[in-house]
Protein chains: 2
Amino acid sequence: MVASKEQMDSYLEQGVNGYMAELAELCAIPSVSAKGENMRECADLVERMLKRHGFETRQFETAGYPVVFGHLDGESERTILLYNHYDVQPEEPLDLWDSPPFEATIRDGALYARGAKDDKGEFVARLAAVDAVREANGGKLPCGVTFVVEGQEETGSPHVAQFVRENLELLKSDGSIWEEGGVSPDGRPINLLGLRGVLSVEFNVQTLSRDAHSGGASKLPNAAWRLVWALASLKGPDERILIPGFYDNAHPPTELDLQHFRDLPSYEEQERTDFGIKEFLRGATGLDYKSAEFQPTCNIQGFESGYYGKGMKTVIPAKAMVKIDFRLVPDQDPDDIYEKLMKHLQDQGFSDIQVTRLGAMWPSKATADNPLVALTARTGEEVYGKPSMIVPITGGSSPVYAFAGPLNIPVVTAGVGYIGSRTHSPNEHVRLSDFLLGSRHIARIIDGFAGI
Amino acid sequence: MVASKEQMDSYLEQGVNGYMAELAELCAIPSVSAKGENMRECADLVERMLKRHGFETRQFETAGYPVVFGHLDGESERTILLYNHYDVQPEEPLDLWDSPPFEATIRDGALYARGAKDDKGEFVARLAAVDAVREANGGKLPCGVTFVVEGQEETGSPHVAQFVRENLELLKSDGSIWEEGGVSPDGRPINLLGLRGVLSVEFNVQTLSRDAHSGGASKLPNAAWRLVWALASLKGPDERILIPGFYDNAHPPTELDLQHFRDLPSYEEQERTDFGIKEFLRGATGLDYKSAEFQPTCNIQGFESGYYGKGMKTVIPAKAMVKIDFRLVPDQDPDDIYEKLMKHLQDQGFSDIQVTRLGAMWPSKATADNPLVALTARTGEEVYGKPSMIVPITGGSSPVYAFAGPLNIPVVTAGVGYIGSRTHSPNEHVRLSDFLLGSRHIARIIDGFAGI
């Protein structure tokens, strides 16, 4: 039987305050995986929340923080897998928040907190969707639902791939909804088919046993300069990455990908305004702008060296550090890129630089012609009243590859975000209206999944 | 008449406790110019001390702290100018001091306090030298002595050049002893003929109205990359500075300069050990090492951008900042270098970088063949029992140019320091034996100055 859509929708509408309270409870735990505090406390709360909503649960230890697993059987053999994460990005800079990042505050129709959208808000919206389907379906689910909620997505998901490989039978499923999703600026639900891979590294160099007076700069090596030159050897102002072989396995968009991009609205003007810029890198505009994410990147996350307080200090820094991420397109392999990077640094004379690998993810991209994509598109249009946007690839990374490959399942997106959600930034928030739309959409996908 | 050297020396030896008491009184005032407290109180004490030793005094207001002026006529028309400063470096870190920084303590034959050597100890040693010359000379001085004691040497002497330009007649003199000096590790008095200039600047760039997720790095400009490329355009790994015209007025050492360097002992091995390095920049060794300060520099003092905490943050930094100093050799002009830097950045496409000028000093170098240098060398050997070390130029900067240029006078160094004085560091001290040697040496220079 198929649940009444009206019943699901009204259940969600009436319950929204309760779900906001659950979200506030979850956002109160500062589970910043980069800092590594409060992680088990947050995993325990996620497990309690899953139990509260009727799931059988388990926690799995990993080499990092635990993965929380939840499962609820359905009336059919089919199972849908929902992937989320309970860790969040660092809250800094604190002074740019209008309310404390770990005290959820509702104002102007939105809940503000670190994690309000990414990814605690997404997780709670899915719990709500499951509740609604059961409520409208006599307490039962038409398909099985499996939750995988991990704790290190924001630091590159270093252990989730191994968790999947070790639990293939437990995670056996027929499709998956990814950790995040949402609505376009013109109100269309977004279905994202591809995500880029990423390789994150840190460079450290120490040239002197201690900082020296800058009067000695004719003789003494400066750590900051070493990193500046090493970085300049990686990429020039034309944005072309100079590591030999870097582009070898980077595939350009196919004709079908380009057609999807053409069908998408352009947010060019809006993104320029949002970031206060005159033009995009490489002067990209039109289709080049829309398909820019097929260009892999080499991004400096941060650089620190020497004295950067008020005024000046006549010092030669002994140490310098830089963090870098490379976003990779199908079929670039972060292991291969890491090897090429190391060889390049060696060849360019930068063997004094100590490279630490912070994390890696592989790129992944689904095809547009499978039934889950069609279901998501149809239910999306039903809820949002506008056709879905099918996006061939986007800029970010996610461990989609870790599930899609070994489990051999299609992966789609649906969720509670919008372009102004400020994920990873101060004043992150979820709009209550988006929360409702997202949970309605996911309820319909779960409700329809047995029949495709 | 020439004073009896024995009489001067024994006067100083007998009086040393009294001078230590005066030094302790002066060190008790925490005149840290970077903090800006107690500055007038210290200027007033310096003025009272000058009066106490027979000088006519005045205080001159500047845009910063007062300059204390003192003058005592001599029997001849010739006048020697003594430059000192009453401000000191910050006392931090406090926990590394064995006795409170502003309570002078005598132990193991040395007086410990912030300013004990730099520069309050130097100042008191000169008062002692003047007393000794008068004592041995029937109460008279063979030449006039002028003191200029300023309050902002430790923060780059921003106002002393203007003070000199506005008081050329008052400061008219025939030679000068600079604020600090002392003895080499092997007991030779050091005579320093040149100091480098400096231009300090800060680069700031903002590429986005706020930090962005690094998934956007195919399209959004990164502030850290802008500074990396701008810096790489200033200097390459071969240490050659790439600003067009940078070296135009940079004079290499003369044959006489090189001869002086050859006569100096080498601290190459010691400096390598001290900084834990295998080799110096450009592989400099031997004479290249000794004369390295004839190479002007472009030094990164510090670099800050984006996220540099633990782990990683997938962010595109909107802002980046770097502080740089250029050490300049005769006859480079910081105004000219600043203009060339600005033009270079413009020409290289970096007009998005906002450049702030933090400070400037001009290089200055006396020639080795003037009579004051010869007098200082001779009296140094007489007092220390070893030949003087004549150093053509050193790495640091000092407002020597502010006096040497407009007054057209040779400037030499003599003083009370040694390599372990810990100036600018915890446990700064002056050894009583160095105080006596330094004051004897300066007494002989003053005594002999009328006759050269």
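Just so it is clear, none of the values below were taken in a lab; they were calculated from the coordinates. If you're wondering where the values come from, they're calculated on a predicted model, not measured in any experiment. Glycine gets a Cβ as well: all are built from the backbone with ideal geometry, and neighbour counts include every protein chain shown.
Of B:GLU22, B:GLU61, A:GLU154, how do they rank once you tally other Cβ atoms within 10 Å and put the fewest first?
Values: B:GLU22 19, B:GLU61 10, A:GLU154 24.
Least crowded to most crowded, the residues run B:GLU61, B:GLU22, A:GLU154.
Using the count of nearby Cβ atoms within 10 Å as a rough guide to exposure, how do A:HIS251, B:HIS344 rank from fewest to most?
With the fewest neighbours first, A:HIS251, B:HIS344 line up as A:HIS251, B:HIS344.
Take chain B, compute every pairwise Cα distance, and split them into 20 Å bins from 0; I just need the percent in each bin.
Values per bin, smallest distances first: 23, 53, 21, 3, 0.
Return the long-range amide H neighbours of A:ALA217 (sequence gap of 5 or more, or a different chain), with a cut-off of under 5 Å between placed amide H atoms.
The answer is none.
Starting from the Kirkwood Rh over alpha-carbon pairs, what translational D in µm² s⁻¹ does the range B:275-406 have by Stokes-Einstein at 37 °C and 0.692 mPa s?
Working: Rh = 19.0 Å.
D = 172 µm²/s.
Would you tally the net charge around A:SER305, using a Cβ to Cβ cut-off of less than 11 Å, leaving A:SER305 out, and scoring K and R as +1, D and E as -1? The partial results should precede the final answer.
Details: positive: A:ARG226, A:LYS319, B:LYS323; negative: A:ASP211, A:GLU304, B:GLU304.
That sum, taken over residues with Cβ under 11 Å, equals 0.
So what's the back-of-envelope 222 nm ellipticity for chain A, counting only DSSP H runs of four-plus at -39500 (n - 2.57) apiece and dividing by all residues, rounded to 500? Please list the in-between numbers first.
On the way: 12 runs with 146 residues, N = 452.
The per-residue figure over chain A is -10000 deg cm²/dmol.
Where does the Debye-calculated log10 I(q)/I(0) of the range B:1-157 sit at q = 0.09, 0.17, 0.20 Å⁻¹, using only Cα point scatterers of equal weight, no solvent?
-0.31, -0.99, -1.25
In degrees between 0 and 90, to the nearest 10, how far off the longest principal axis of chain A does helix A:5-27 point, with axes built from Cα atoms?
Approximately 40 degrees, to the nearest ten.
Restricting the calculation to Cα positions, tell me the Rg (one decimal) and the Dmax (whole number) of the range B:279-357 in Å.
Cα only, the range B:279-357: 17.2, 49 Å (Rg, Dmax).
Give the Cα extents of the range B:196-333 along the principal axes, in whole Å, largest first.
60, 34, 20
Would you tally the net charge around A:GLN59, using a Cβ to Cβ cut-off of less than 15 Å, leaving A:GLN59 out, and scoring K and R as +1, D and E as -1? Each step should come with its number before you reach the end.
Working: positive: A:ARG40, A:ARG48, A:LYS51, A:ARG58; negative: A:GLU41, A:ASP44, A:GLU47, A:GLU56, A:GLU61, A:ASP87, A:GLU150, A:GLU166.
Around A:GLN59, the surrounding residues sum to -4.
Most exposed first by the Cβ proxy, i.e. fewest other Cβ within 10 Å, how do B:PHE203, A:PHE303, A:PHE449 rank?
Numbers: B:PHE203 23, A:PHE303 31, A:PHE449 28.
So the ranking, lowest neighbour count to highest, is B:PHE203, A:PHE449, A:PHE303.
Taking the Cα centre of each part, how many Å lie between the range A:416-452 and the range A:228-303?
Cα centroid to Cα centroid, the span is 27 Å.
Can you give me the three principal axis dimensions of the range A:1-83 from its C-alpha atoms, in Å, biggest first?
45, 33, 18
Quick one: label points 7 angstrom along Cα→Cβ at A:ILE452, distances to the other copies in nm, smallest first?
Once sorted, the set of distances for A:ILE452 reads 9.4 nm.
State the dimensionless ratio Rg/Rh of the protein assembly as shown (Rg: radius of gyration of Cα atoms; Rh: Kirkwood radius).
Working: Rg = 35.6 Å, Rh = 31.6 Å.
Here Rg/Rh amounts to 1.13.
Over the range B:240-381, what relative contact order in percent results from Cα pairs under 8 Å that are six or more residues apart?
Working: 112 pairs, mean separation 36.3, N = 142.
Over the range B:240-381, the number comes to 26 percent.
Any chance you could give the angle, 0 to 90 degrees and rounded to 10, that helix B:371-384 forms with the longest Cα principal axis of chain B?
70 degrees
Around A:GLU75, under 13 Å between beta carbons, what's the net of Lys plus Arg minus Asp minus Glu among the other residues? All intermediate terms of the calculation are to be shown ahead of the outcome.
Numbers: positive: A:ARG78, A:ARG134, A:LYS140; negative: A:ASP73, A:GLU77, A:ASP447.
Surrounding charge for A:GLU75 is 0.
Could you work out the percent of alpha carbon pairs in the range B:200-245 separated by over 14 Å, rounded to a whole number? Could you put the intermediate results ahead of the total?
Working: 631 of 1035 pairs.
So the portion of pairs separated by more than 14 Å is 61 percent.
Give me the angle, in degrees from 0 to 90, between the Cα long axis of helix A:432-449 and the longest principal axis of the Cα atoms of chain A, rounded to the nearest 10.
For helix A:432-449, the angle is close to 60 degrees.
How high is the relative contact order of the range B:96-247? Use alpha-carbon pairs under 8 Å, at least six apart in sequence, and give a whole percent. Walk me through the intermediate numbers first.
Numbers: 65 pairs, mean separation 14.9, N = 152.
Normalised by residue count, the contact order of the range B:96-247 is 10 percent.
Using all alpha carbons of the range A:92-195, what is the percent of pairwise distances in each 5 Å bin, ordered from the shortest bin to the longest?
Distribution as computed: 2, 8, 13, 17, 20, 17, 12, 6, 3, 0 percent.
Direction-averaged shadow area of the convex hull around the Cα atoms of the range B:354-447, nm²? Numbers along the way, then the final one.
Working: hull surface 34.3 nm².
Average projection, Cα convex hull of the range B:354-447: 8.6 nm².
Once the label point is placed 7 Å from Cα along Cβ, list for A:GLY286 the distances to the corresponding points in the other copies, in nm, shortest first.
6.4
Would you kindly work out, in nm and rounded to one decimal, the distances from the label point of B:ASP274 to those of the same position in each other copy, ordered shortest first, with label points 7 Å along Cα-to-Cβ?
5.4
What number, in percent, do you get for the relative contact order of chain B if the mean sequence gap of Cα pairs under 8 Å and at least 6 apart is divided by its residue count? All intermediate terms of the calculation are to be shown ahead of the outcome.
Numbers: 961 pairs, mean separation 120.3, N = 452.
The value is 27 percent.
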